[in-house]
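Notes follow once the structure below has been shown.
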């Protein structure tokens, strides 16, 4: 089956009744975990962005505590899993300050992981890529926020 374009879907949804829309949303939520997470964000957490950020940060903390530090290979796998989760949550929000705050927190947590990521080229490169991406993202927010975020970013660079 070929997926319809967004324009076609929008047109069809505009003709649906409220009950039909409710059934479609519930069906989507049952179909895939990401759909359910997105609906949860849109319906319950979009109003309180600060609370959403704190929730994602707590989830990050829990995942960072479970890192298998027996080898850098296992650390890398877990770190990538955490980053994937963070980027998924960023996609739900679509707000630049939220994106920047979550990535700053991710980088800060990664920098503080024991054993240090300085001894793993793969983890160091992943960390540096995220810092470079943060630099670019910070340039598009308001000037006051830029100053604050740049201060936090400077602290994340290895000396």
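Within the group 79, 122, which residue is in a helix (DSSP H, G or I), surrounded by 12 or more Cβ atoms within 10 Å (Cβ to Cβ) and touching a helix residue (DSSP H, G or I) at 6+ places or on another chain (Cβ under 6 Å)?
Of 79, 122, the one residue that is in a helix (DSSP H, G or I), surrounded by 12 or more Cβ atoms within 10 Å (Cβ to Cβ) and touching a helix residue (DSSP H, G or I) at 6+ places or on another chain (Cβ under 6 Å) is 122.
Inspect the stretch 84-91 for any residue being modelled with pLDDT of 90 or more and surrounded by fewer than 11 Cβ atoms within 10 Å (Cβ to Cβ) and give the result as yes or no.
yes
Considering only residues that are in contact with a helix residue (DSSP H, G or I) (Cβ under 9 Å, 6 or more places away or on another chain) and free of Cβ contacts under 8 Å to residues at least 40 places away in the same chain, which ones fall in the stretch 145-154?
The answer is 146, 150.
Given the options 46, 29, name the one that is within 29 Å of residue 156 (Cα to Cα) and at pLDDT below 90.
Every option except 46 fails the conditions.
Between 101, 47, which is without any contact (Cβ under 8 Å) to a residue 60 or more places away in the chain, within 30 Å of residue 25 (Cβ to Cβ) and surrounded by 11 or more Cβ atoms within 10 Å (Cβ to Cβ)?
None of the others qualify; the one that does is 101.
Can you work out which of the residues in the stretch 132-144 that are in a helix (DSSP H, G or I) and in contact with a helix residue (DSSP H, G or I) (Cβ under 6 Å, 6 or more places away or on another chain) is farthest from residue 89 (Cα to Cα)?
Only one residue tops the list, namely 138.
The values are calculated or read from the model by the stated rules, or taken from the named source; none is laboratory data. Not measured: the values here are computed from a predicted model. In this analysis, Cβ positions are derived from the backbone assuming ideal geometry, glycine residues included, and neighbour counts consider all displayed protein chains.
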